[in-house]
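S.K.: Okay, here's the structure, questions in a sec.
The values are calculated or read from the model by the stated rules, or taken from the named source; none is laboratory data. Predicted model only: the values in this text are computed from it and were never measured. A quick note on method: Cβ atoms are made from the backbone with ideal geometry, for glycine too, and the neighbour counts reach across all protein chains shown.
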Amino acid sequence: MQFFRPFLVLGLLGPLAACGNTVPEQALFGGAAGTGAAAVVGGSLLTGAAVGAAGNVAFCQVYPEKCL
């Protein structure tokens, strides 16, 4: 079960990361999702927040039509 936990977290938090109309909103929502995922899998919360924020901003800049 430990192996599947990160995939479960990504599946549950993934829809949250695709939100935000502005870059600060995208960073905030992505950071929150990354922090939540890191907390569930026992990782670094700061690293999770940074990766989540950067990933969501990058995704929304490349695919703006997919970010609501």
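S.K.: So which residues in region 41-68 are among the aliphatic types (A, V, I, L, M), within 12 Å of C19 (Cα to Cα) and surrounded by 12 or more Cβ atoms within 10 Å (Cβ to Cβ), if there are any at all?
M.R.: Once the filter is applied, which keeps residues that are among the aliphatic types (A, V, I, L, M), within 12 Å of C19 (Cα to Cα) and surrounded by 12 or more Cβ atoms within 10 Å (Cβ to Cβ), region 41-68 yields A53, V57.
S.K.: Condition first: at pLDDT below 60 and part of a helix (DSSP H, G or I). Can you find one or more residues in region 34-41 that meet it?
M.R.: no
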